[in-house]
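Encoded as structure tokens, the structure appears first; notes follow it.
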Amino acid sequence: MKKSIFGLLVILSMIAVACGGGSLEGEEVFITGALVGNDAAGFQQNFDSFTEETGIIVSFQGSDNFEQEVQIQMESGDTPDIALWPQPGAVVDAANRGYLVSLEDLGVDMDEYRSNFSSYIVGLGEVDGAHYGGAHAFNLKSIVWYQPAEFEARGYSIPGTWDEMIALADQIVADGMTPFCFGMYSNGASGWLATDWMEDIMLRTGEGTATYDKWVSHDIPFNDPVVKNAATFLSQIMHTEGYVVGGTDAIVSTYFGNAQDPMFEKDANGNPGCFMHRQASFITSFWPEAAQAGAGSETTVFPFPAMDDGLPKAALGAGDMFGVFNDREATIEVVNYMLSNDFFEAAAQRPDNSRIYGHVDFDTSLYSKDITRVLADTITGALAENAFRFDASDLMPPEVGAGSFWKEMMNLAVEGPGYIDTALDNIETSWP
Amino acid sequence: MKNLTQREKIFNFGISLLALGAFPLVWFLSQAILFRELTEIVSRNVLVVIGIIVGSSFVFLLFNGMERLIRLAPRERRDSLEARMFAGPSLFMIGLFLFYPAIRTIYLSFKDRYGKEFNGIENYSWAFSDTEMLVTIRNQIVWLVFVVFFTLFIGLIVGWLSDRLNKGEAFFKSIVFMPMAISAVGATAIFKFIYEYRPPPLTQIGIVNGIRVSAGEKCSNNRIIDGELNDYADSSCNRAIGWLQQRDLSNLQIGETLESGGWLSNLLVNFPLNTVLLLIIMIWAYTGFAAVVFSAGIKAIPADIMEAGQIDGASEIKIFISIVIPYIKSTIVVVGTYMVVTVLKAFDIIYVSTRGDLETNLLAVKMLDEFSKYRNIGRSSTVAVIIFVCVVPIIVGNALRERENNSL
């Protein structure tokens, strides 16, 4: 039996070679990434129609330990064809080490790629004028989660500006409740939530995206007055008495995934534990199961409030980027498909999908969940205006973006507003 | 042996080269290539069967083949060749998987973040000046002192006391030994639940915080009594504490009155609470092991020595200190050595609990952080070398002591 199948395969492949000439039938392309569970299944599903059409077999293997594994694979030369990193900084790093093939060398139409994903996104994967990163899924961070029913019942309205948000927070405190959920503990990455706050404030103060880009590339020092101003705004949220659930100590102790749970919990008077939670779109998967069903209706989002009327409506986000390890013909086919408008269709229609595709022409009505559609529209809108910015801590050198920036934000939360200068100075000196 | 001709010498050398070098190498490579090719063709189940049959006969045929080649050598050379034959393959394996990586790690520790350019001792000066590294080294020392001392101390007491039991000794010892059966990851998961913190007003699911917030008249851990929710929002209630996030005692009641001054209060002001709470996991997991080994050692003490002590009127404590401890001294040293090495390699407890955040890091986790989080091969190798350097003297000392004992 084994033998006959084997024989059949040999004959079939001979026929394929004979008839197809350069056909890629049966070629295999191997992709690894950090996606697991539903997301991994959705990603794999995207290739079903592609495999049917071209005969190229694409297999994806996701792992929780992807970033370590791919490091080791690169060191040993045993790389996959394509790797999907959860942040562009790692793609640039791999390109710097000479492991990746640039998109130009693969023959990707760069002008089309730019117009589909904005030149900012394309620029994220740039090393010495060549581009190595292929854009993929995004998530949105410039959002504040709230419950419209709770707001309505108490006559609160959605704050459009920072000052309105502070006024609302004061009102909530005066009414004997707590305005903000805030938890930034995260095993091995504690502090990233505060860096997200900083980034959102940076995008809305100073000269907006221009200052932000200079801050990321270290053209302005980390202890610049603009950054200090942003840290002062953040400290206002963290350190004002009564603003945050459980007080300052709770900010560093609360696991970010549990941080919003107080919003779903009513106290003896029927009041929720908090009213507003600024957190990225992926937080819904950390909610209690009962709350997850109400994402987009019972619990939904308003945009992070504006701080300066003169600036465009910026959006902060993060996302995956893929890098390519070889220029086999089959790999090139897959890369072109992954950058095309059809690519994400299958995943978007999955009922459990909460990942968002960055392609500006992607039909957002395909998304199965309402909330995903709203977030996707915001992202593509900001991309079109070139006001979408990537998570700064992912783009900074890892010593800062995954080291001192996180650590000093934790210290700032504990030590109080008097620590702002020390924190920023420490981060500045740690910049390599 | 004395009057070997040149020709015989060359012949002998050829035989040893063939038997100890070329044959094992060819044998090993052919196996490797065979299996690499087979995985492409044969299905998994067949491969497993072939693996068991071919793989297990591998060693037999390897030694058999070498033996045959050695028989070609003159009789008086055979003994030494055969000795080498048995040591050879394992030395080869140790060299390939232990010595080569160790030497390469030392080499890489003098290179930059990409492992390309040499940068002198920069990595080492970083290792002993960077604040995070210094905290990591401090933690490693705290772990060494506390874990080794308490596992030995509690282990000795449990071993001694269980030996005095009239019945139920096996049961008692197996309970103390039980944590050894759980992996460090499992043990950490258990303790994570014990220390768990939830933001108010959520129900505290960690037992420590659960007890804390329930203390007091108006306080209850969100229990519903007669349809009414009893929470811990009242200001008289204890606050819940994120135990693994406490770098000092400042959030505890005793912490509030602390002031730096004398050495004791200085020590308490800087008391790394989360680190100590984490190392308790390791003490819990390894005490049983120490106790069982000590108990075996205590059982080997001849009864007449103990009786002599009792007749001379020595108290239990006196017997313990003057007879038991000196008698099982070498056991204590062996267990102590084992514990020191285990603590230096300790990884899983930190990796699955805090992942090194808030000043709880240990060297083994730091080594991985430098490699994958900060993508710095040079520094990562440097941390590895530091661990290596700490372990080596202990192993060498142990080996020397062993030799001394044997020569006695």
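At-a-glance table
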read-out: Restricting the stretch A:166-271 to GluC sites (Glu not before Pro) in coil, as DSSP defines it, with at most 11 other Cβ within 10 Å; value: A:Glu241
read-out: Packing-based exposure ordering (other Cβ within 10 Å, fewest first) of A:Tyr132, A:Tyr99; value: A:Tyr99, A:Tyr132
read-out: Globularity index of the protein assembly as shown, i.e. its alpha-carbon radius of gyration over 2.2 N^0.38 Å; value: 1.14
read-out: Mean separation of Cα contacts under 8 Å (6+ apart) over length of the stretch B:6-108, as relative contact order %; value: 41 percent
read-out: Most mobile of B:Leu358, B:Leu47, B:Leu25 in a GNM of chain B (Cα contacts under 10 Å); value: B:Leu47
read-out: Whole-angstrom gap from the stretch B:92-147 to the stretch B:306-382, using each part's C-alpha centre; value: 20 Å
read-out: Where only alpha carbons of the stretch B:6-108 are counted, the Rg and the Dmax (Å); value: 17.1, 54
read-out: Relative contact order %, chain A, counting alpha carbon pairs below 8 Å whose residues are six or more apart; value: 24 percent
read-out: Nearest-20 debye value, the stretch B:1-148 charge dipole, Cβ charges on Lys, Arg, Asp, Glu; value: 620 debye
read-out: Estimated FRET transfer efficiency (B:Ser330, A:Glu241; beta-carbon r; R0 60 Å; 0.05); value: 0.45
read-out: Equivalent ellipsoid dimensions for the stretch B:136-252 as semi-axes, Å, which come from the Cα gyration tensor, largest first; value: 36, 21, 13
read-out: Residue-averaged 222 nm ellipticity for chain B, from DSSP H runs of 4+ at -39500 (n - 2.57), nearest 500; value: -21000 deg cm²/dmol
read-out: Long-range tail of P(r) for the stretch A:17-131 (Cα pairs > 16 Å, %); value: 68 percent
read-out: Separation in nanometres of the label points that stand 7 Å from Cα toward Cβ, at B:Lys116 and A:Asn187; value: 3.5 nm
read-out: Long-range HN-HN contacts of B:Gly115 with modeled amide H, under 5 Å; value: B:Ile377, B:Gly378
read-out: By average C-beta atoms within 10 angstrom, highest first, the peptides B:311-324, A:329-342, A:77-90; value: A:77-90, A:329-342, B:311-324
read-out: Space enclosed by the convex hull of the alpha-carbon atoms of the stretch A:301-432, per residue, Å³; value: 174 Å³
read-out: Proximal lysines to B:Lys167, defined as alpha-carbon separation beneath 28 angstrom and excluding residues fewer than eight positions away on the same chain; value: B:Lys299, B:Lys318, B:Lys329
read-out: Positive-pole candidate from B:Thr131, B:Tyr197, B:Ser220, dipole of chain B, charges at beta carbon; value: B:Thr131
read-out: Which of A:Asp109, B:Asp163, B:Asp79 has the fewest Cβ neighbours within 10 Å, and the rest in rising order; value: B:Asp79, A:Asp109, B:Asp163
read-out: Which of A:Asp394, A:Asp128 has the fewest Cβ neighbours within 10 Å, and the rest in rising order; value: A:Asp128, A:Asp394
read-out: Calculated on alpha-carbon atoms, Rg and Dmax of chain B in Å; value: 29.4, 104
read-out: Estimated FRET transfer efficiency when R0 is 60 angstrom, pair A:Thr51-B:Phe347 (beta carbons, to 0.05); value: 0.90
read-out: Mean separation of Cα contacts under 8 Å (6+ apart) over length of chain B, as relative contact order %; value: 20 percent
read-out: Coil-residue trypsin sites (Lys or Arg not before Pro) of the stretch B:333-403, DSSP, other Cβ within 10 Å capped at 14; value: B:Lys345
read-out: When each of B:Lys116/B:Lys373; A:Lys141/B:Lys366; A:Lys313/A:Lys369; A:Lys141/A:Lys313; A:Lys141/A:Lys407 is checked by Cα-Cα distance, pairs over 22 Å; value: A:Lys141/B:Lys366; A:Lys313/A:Lys369
read-out: Inter-site label distance for B:Val391 and A:Glu152 at 7 Å from Cα along Cβ, in nm; value: 6.3 nm
read-out: Cα centroid of the stretch A:206-227 to Cα centroid of the stretch A:295-344, whole Å; value: 23 Å
read-out: Among B:Ile387, B:Trp27, B:Leu165 the positive-end extreme of the charge dipole of chain B (Cβ point charges); value: B:Trp27
read-out: Choice from B:Leu91, B:Leu264, B:Leu368 with maximal GNM fluctuation in chain B (Cα, 10 Å cutoff); value: B:Leu264
read-out: Overall Cα dimensions of chain A, principal axis frame, Å, largest first; value: 80, 46, 38
read-out: Per-residue ³J(HN,Hα) for the stretch B:153-166, Karplus 6.51 cos²θ - 1.76 cosθ + 1.60, θ = phi - 60°, Hz, x for Gly and Pro; value: 5, 5, x, 4, 4, 5, x, 5, 5, 5, 5, 7, 5, 7
read-out: Point-to-point label distance, B:Val269-B:Ser80, nm (Cα→Cβ direction, 7 Å offset); value: 6.9 nm
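Values quoted throughout were computed directly from the atomic coordinates according to the rules given, and no laboratory measurement underlies them. Since the structure is predicted, the reported quantities are computational estimates derived from the model, not experimental observations. Ideal geometry is used to build each Cβ from the backbone, glycine not excepted, and the neighbour counts take in all protein chains shown.
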